[in-house]
Every structure is written in C-alpha cells, then in structure tokens.
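Input: one structure, supplied below.
Taken together, the values in this text are just the output of simple stated rules run on the coordinates, not laboratory data. Please read these numbers as outputs of a predicted model, since none were measured by experiment. Please note: Cβ atoms are built from the backbone with ideal geometry, for glycine as well, and neighbour counts cover all protein chains shown.
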Amino acid sequence: MTKTSSGKEHGFNTAPVFLAAISTILGAILFLRFGYAVANAGLIGTLIIILVGHMITIPTALAIAEIATNLKVEGGGEYFIISRSFGSIIGGTIGISLYFSQAISVAFYLIAFSEAFKPFLGFLEQFVGFPIQIWMISLPATLILLLVILFKGASLGVNALWIVAGILAISLLMFFIGEPIVDKSYPELLGKVENPDGFFVIFAIIFPAFTGMTAGVGLSGDLKNPRKSIPLGTLSATLVGMIVYVIVVVKLADSLPVGILAEDQFAMSRIAVWGPIIPIGLAAASISSAIGSILVAPRTMQAIAKDQILPFKKLNNFLGRGRGEMNEPINATLITSLIIITFVSIGSVDFVARIISMFFMITYGTLCLVSFLEHFAGNPSYRPTFKSKWYLSLVGAVACFIIMFQMAPGYAFFAVLAMSGLYWMIRRSRDEERDLSAMVEGALFQLTRKLQILIQRKHEESILIRNWRPSFIAISSDSFSRLAQFDLLRWISHVYGFGTFFHFIKGPLDKKTNTEAKEILDKLISQATVSKSGIYVDTIISPSFKTAVAQVIQIPGISGMENNSILFEFQEDDPAGISEIIEGCNFASYVDYNLCVLRSSERHFGYKKNIHIWLTPGDLRNANLMILLAYILLGHPEWDGGEIDLYVAFEKKELNKEVLRLNKLIDKGRIPISHKKVKKIPWNKRAKSFEALVSENSQLADLVMMGFSVSKLQQDKGAFFKRFDTINDVLFVRTGQQIAISDTEYRL
C-alpha cells in the first residue's frame, strides 16, 4: 500500500476533532426534526430512538477509537484507519460507501442551511421584489462553500468551526432557558399526534443526527497526535451530544403541544428567549456540519485513490493528486462537488436524510462487524492502546443490519448487494492481500479454542456413555492406492461424528521427510475436497507404524472432543500388515479406544445397500457400537436406501431371550431396524464353525460387521482376520468404551 499522505500536517490538536463532531451532531436534524419526532413518537418513543441510535453510533465510535490507537494514523480519516487495520480489500469496500455517505451529507446540510431562511423569505421577497425558492439559497450557498474550500483549504474550515460552534452554543442556551408556552406540570410521556408516522420512518429521518460523531476523524492527516485526539475528541462529542439530545427532547415535550411540534419545524423558536436565534443556530449548525463533511469526504476519496482501490489507474492518479505543501485534495473535491450539487438540487431534507441513513447504516454495520471479527479473532498484531469490547461491536453490527431492513427492506437489500459487489470487485485484483476470510478464520479459531477448553472442563467421566458420537482416527501408508479406509472414515464422520485421517510416512523426522509430508498433505486436502468429505487430514512421520499409532492416540482431538476410536485397514489378498495392526490395536486398547479393523476387497462395499451385523455370546460388549456404526453409515447419501440385518447366533435355549432383549434395545434406542430384520440363527458351536455360519448367510452383503477380542487376536496372531474368505468387505469391531444406545440404559 502506498503512503496516504505526502504533504505536511496542519498540526491540529483535539479541539478540531471535537468541534467537527459536536457541530455535526448538534446540527440540522436537531433543529428541524426533533419536534417532529416528539410529536409522532412521543417523549418515550423519541428517547428510545435516541437510545437505539446510540446503540449503533457508540459501538462504532468505540471501534474507530480503538482502531485509531492500533497504528500510526495518517490522512484519509476513517478510511485510513480501517484499511490499515483490516487491509485494502475491506478498507476499500467500506471506504467507498463511507465516501458517498460523507459527500451526500454535505448536500443534506446545505439543504438544511437553506431551510433556516424560511422564516425570513417574506422579508426577502419584499426586498428583492420577486418570489424566492429554497434552491435560490441552497445552490449559491453550495457554490460559495465549495469555492472557499477549494481555494482556502482545511485551515479556513477549522477556523470557521470555532465561530459556528460558538453560535450553536448560544442558540441552544437561549432555547434551554426559554419559558414553555403551555403550562405543564410534567412532560407528556406518551402524547403524540393522530395517525403518527411509524417508528422506523421517524428513525430513518432522525438517524443522520447521530452520524456526526466521526466527522472529526477525517482530519487525521492534519492532526498533531491523531492516536490521542481521535478517541478523545470523538467519544467526548458523542457523549455530550447524547446528553444534549435528551435535554432538548424533554424540553420540547414539556414546553409545546404535539400539534405545534408536528406542524412547525421551527417550534424551538417559540420557546427560545429570542426566537430568531434558532434559525441562526440552524444555519450555523448546518454550515458547520457541511464544512466538516466537505473537509472529510474529498480526503477519504484521495486516500482511496492513492491506494489504487478504484478500477482505473488514470482515475486513481487523478483523484489522488493534491495541491501545495498541505496536499489539499483539489481533484477529489471537484468530483465531490458534482455529487453535492446533484443532491442539493433534489431539495428535500427528508428524502436525502433517508438516503444518508442507509449509507451510514451499511457503513457502520460493516465497520462494527469487521471490528468484532478482528477483536474476537485475537490477532496478536492487533494491539490498540485504547480497548473497547468485542460484544459492543457485535451489538452495533446486529443493530445496524436489523434496523436497516426495518427502515427500508428494498434499499437495505440493495445496499448489502452493493457492498458485496464492491468487495468482490476489489478482491479480484488483490488475491494475495488479507481479506474478510482471514478475519473469519481467526474468529473461528478463537471460537474453536474456547469450545475445546469448555468441552474439556465440562467433560465428566462416566462408566456408561450416553449420546455417544464417533471421533475416529485412521492411519495408513497407502492413502492414495487403497481408498476403502478413507471412504469408510468419511461416511462415519459425515454428520454424527468427526474423523482425522493420517498418512503414515516411515522414517526419521528430517528436512526430506518433512518436505515429503507437506507434498502429501496437499494431495490429501485435494482428495478430501474432491470427495466432499468432512474429515481432517494430516501426515505423521515416525520410525515405525507402531510408534506412529502410539503418537496419534495421544494427541488431542481436532474437533474439540477427545478421540475415542481408531480405524485400521488391510486388503484381503495382502494380509502382510496384520502384525502391525495387532500391535496398533494393543496400544489403542491401553487408552480404551474403540477398535475397528477393515478388511477391504476389490468389491469396495458393493452397491452399499446391505449391512450384516453378527452378534454372538462373545459380542455383548461390542453389540452397541456395531449397531450405532451401521446406523451412522446409513445416514450418508452414498448408503441411501440401505438396510441393516442383525444375525443373532446363540444356542437354542438362549436364542429367544437374546432376540427379545435385542428388539427392546432397538425399540428403546429408536434404531430403524424392523423386528423382521433381527434373524435368529441357532448355533451349535460343536456342529458348525462361526466362519461357516457367516459364509452361508452373508456372501452377498456389502459390509459385514463382527466383533473381535484383542487378547485372542494376539494369541492367534491375526488368524481370525484372515478367515471368512467367501465374504467381501468385513469390519471387525472391538469396543473400548461402554456405550449406551437407549436413554434408559437398556444394553445388551
């Protein structure tokens, strides 16, 4: 990014920031429309409008004050602060919207300035001898102000602020000490006119009054110590303005009937000690606000152009050029002048007020949102000396977006689309720069971290686990040539659980293996993306498969919950890795992991329609896990329409009792298996082997599940895994936890 200010500083202190803000806050809306608000919303309603308005502006002011102390502030005001803290993509998006808010505000204040002459139009018409229209005042005033700013720059504007701020203070003082024209013992809290305007219509007209708190931020490049002056001037003006608003509203409700407040936009003149001071104060407030905004808007555009945010290089160069040692934004002021004159020609205070409200709403809402994301993300490079609270920024963002759609849903939707369009337009040319996704990533990181800590602290050990969900680890050195293990893991972790897939690299950890690991990780991420899986992939370097298993079963769960299961795999025609799997199962059993060993085949789960679960007297511990895993698998779209068959192989005398228990378990656990699918298999161990029994019934199954014992596996050195040669894909399951299916703890 280029440096925003190339000229010298004016060296202003905090006073101009406060004066620019307070003269805009106590501006045209206060004098022209607060009586209208009290008449249509009542005293309580107007106080609520003030409260809601400051729910937006105070968090925004705090966010700007905080951001301003995070870096060395130069020219460009709010745009510089935002772009240097959040990057040019976000900064440019908010900056362009902010610029239009500021430019149109100038037109609004100049229209209000011309309104101040309405009480004197009769006298002026007698003097000049022809009817006078409001535009005859607003347009010449606009041209004069623009010429003054073009030729005299910021110094004259800031000096003028002292004069108009003094007039403003006198006019408000004369209003406050004035006597009521009606005798009220107390203000009417709910009194309002018949058929009043709606709350959000009133709010849209009143809201520009609250937006002046950032007017002084635009002088950032002309301040001696902006990191001090911006927070102090902005926040003090906001608080003073809010107090004055409340006093004015109470005074109006206490002093005038609602009929007069609704009809006479200069109702404050009827209360003031000297009536003409109110139009004079309005003129002073309007012209001071216009001066504040005309000083800020071109500097915002100049800073945007210097950062090459606009799509055309020549336009950026033209608008970025300044004049003289103070780098006055002469070209940006010319373009801004055209926008101002266009909106001044419209001539309606209420119409332009609504346009400004929408621009400021989307700007402030977006600013509060990115402030919340940055603050909540815990970015170590974000080190402001003045600190707000992340939840205040969140309140400001939510309030902005809710009220926007309440005020004008169509305009709000268009504003959101416009901001999104600006964001993507700027982002296309700045792919390498930090954007919104980086903030979201940081915020999600913080949220995940907090949740992980919370889950760990809230975790209570229990003998029987209710609401069990799988958190699987899978480890393989054949990640790209044998996909059955990867697929089974992504099916299990599709909705109900979480899966972490490790590619095992055998060898010492050195530069070569580390480089290999990074290359393989990229391939794994690509594989996970293409398969639309929700699993986390990684690599692990270790001297042996056994040590790799020992490492992965000790690492914390990526999902925030502890890993509870591990999945191994070997091919039916290549059982060479069984010895390593036996060692891995032995290690995992030490930490009470659930163990799953997949024997994959070339059939690759067939049509994914039939899962056969075999239950024997030795599977009482494993039954619940097998049933839950089968249910979870059928929840994946690739297993859509699949069915589960339960084969209960017991001696005849025990068979009916076990089937009854199993049916009760299925019913209580709401497992979608009909009783017809629970099949009785009388089994005489002396007459027929278990292998023969399974082979007779499950040759066509797409996946067969059966239990195993770690101790027996070690004794027979994996011979059990090699049997069942007529069966295709088999998942051998051993439960390390006591898992409940039903809420009433009815277990096998």
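Relative to the longest principal axis of the C-alpha atoms of the chain, give the angle of the C-alpha long axis of helix 652-668, reported between 0 and 90° and rounded to the nearest 10°.
It is inclined by approximately 0 degrees.
Which FRET efficiency, nearest 0.05, do residue 664 and residue 640 yield, Cβ-Cβ r, R0 30 Å?
Efficiency, rounded to the nearest 0.05: 0.60.
Something else now. Do you know the relative contact order of the chain, to the nearest whole percent, from alpha carbon pairs under 8 angstrom that are 6+ apart?
Reported as a whole number, the value is 16 percent.
Further question: What number do you get for the chain when its Cα radius of gyration is normalised by 2.2 N^0.38 Å, N = residues?
1.35
May I ask which of 664/685; 653/688; 523/722; 224/313 have a Cα-Cα span longer than 21 Å here? Before the final figure, lay out the partial values.
Working: 664/685 26 Å; 653/688 17 Å; 523/722 32 Å; 224/313 32 Å.
Over 21 Å Cα-Cα: 664/685; 523/722; 224/313.
Got a sec to turn the phi values of segment 260-269 into Karplus ³J(HN,Hα) couplings, 6.51 cos²θ - 1.76 cosθ + 1.60 with θ = phi - 60°, whole Hz, x for Gly and Pro?
Those phi angles translate into 5, 4, 6, 8, 10, 6, 9, 4, 4, 5 Hz.
Give me the distance in nm between label points sitting 7 Å out from Cα along the Cα-to-Cβ direction at residue 260 and residue 722, one decimal.
It is 10.6 nm.
So, in nm, how far is label residue 700 from label residue 424 when the simple model puts each one 7 Å beyond its Cα toward the Cβ?
5.1 nm
Using 0.36 nm per residue, how much length does the chain from residue 314 to residue 657 gain when fully extended, once their Cα-Cα distance is taken away?
Separation in residues times 0.36 nm, less the Cα-Cα distance, equals 114.8 nm.
Pull out the extension gain between residue 576 and residue 686, defined as 0.36 nm times the separation in residues minus the alpha carbon to alpha carbon distance; nm, one decimal. All intermediate terms of the calculation are to be shown ahead of the outcome.
Values: separation 110, 0.36 × 110 = 39.60 nm, distance 3.12 nm.
Extra length from residue 576 to residue 686 when fully extended: 36.5 nm.
Which cross-chain or sequence-distant (5 or more) residues have an amide H under 5 Å from the amide H of residue 537, H modelled 1.01 Å from N in plane?
501
Can you compute the FRET efficiency between residue 714 and residue 602 using 1/(1 + (r/R0)^6), with r the Cβ-Cβ distance and R0 = 35 Å? Round to the nearest 0.05.
Details: r = 29 Å, r/R0 = 0.83.
So the FRET efficiency works out to roughly 0.75.
What's the ranking of 21-34, 679-692, 164-177, 501-514 by average number of surrounding C-beta atoms within 10 Å, highest first? Write down the numbers at each step before the final one.
On the way: 21-34: 27.9, 679-692: 13.1, 164-177: 18.4, 501-514: 15.0.
Answer by packing, highest mean first, reads 21-34, 164-177, 501-514, 679-692.
Okay, next question. Compute the FRET efficiency between residue 163 and residue 620 as 1/(1 + (r/R0)^6), taking r as their Cβ-Cβ distance and R0 = 60 Å, and round to the nearest 0.05.
In this case the efficiency is close to 0.05.
Residue separation times 0.36 nm, minus the C-alpha to C-alpha distance between residue 170 and residue 444: what's the value?
Residue separation times 0.36 nm, minus the Cα-Cα distance, leaves 93.5 nm.
Still on this structure, I have one more. Could you go through segment 490-507 in sequence order and give the Karplus-derived ³J(HN,Hα) for each residue, using 6.51 cos²θ - 1.76 cosθ + 1.60 with θ = phi - 60°, rounded to whole Hz, and x for Gly and Pro?
With the stated coefficients, segment 490-507 comes to 6, 5, 5, 9, 4, 10, 8, x, 9, x, 10, 10, 10, 8, 8, 10, 7, x Hz.
Which residues among segment 344-358 fall inside the zone where the amide N is under 15 Å from a point 7 Å beyond the Cα of residue 414, along Cα→Cβ?
351-358
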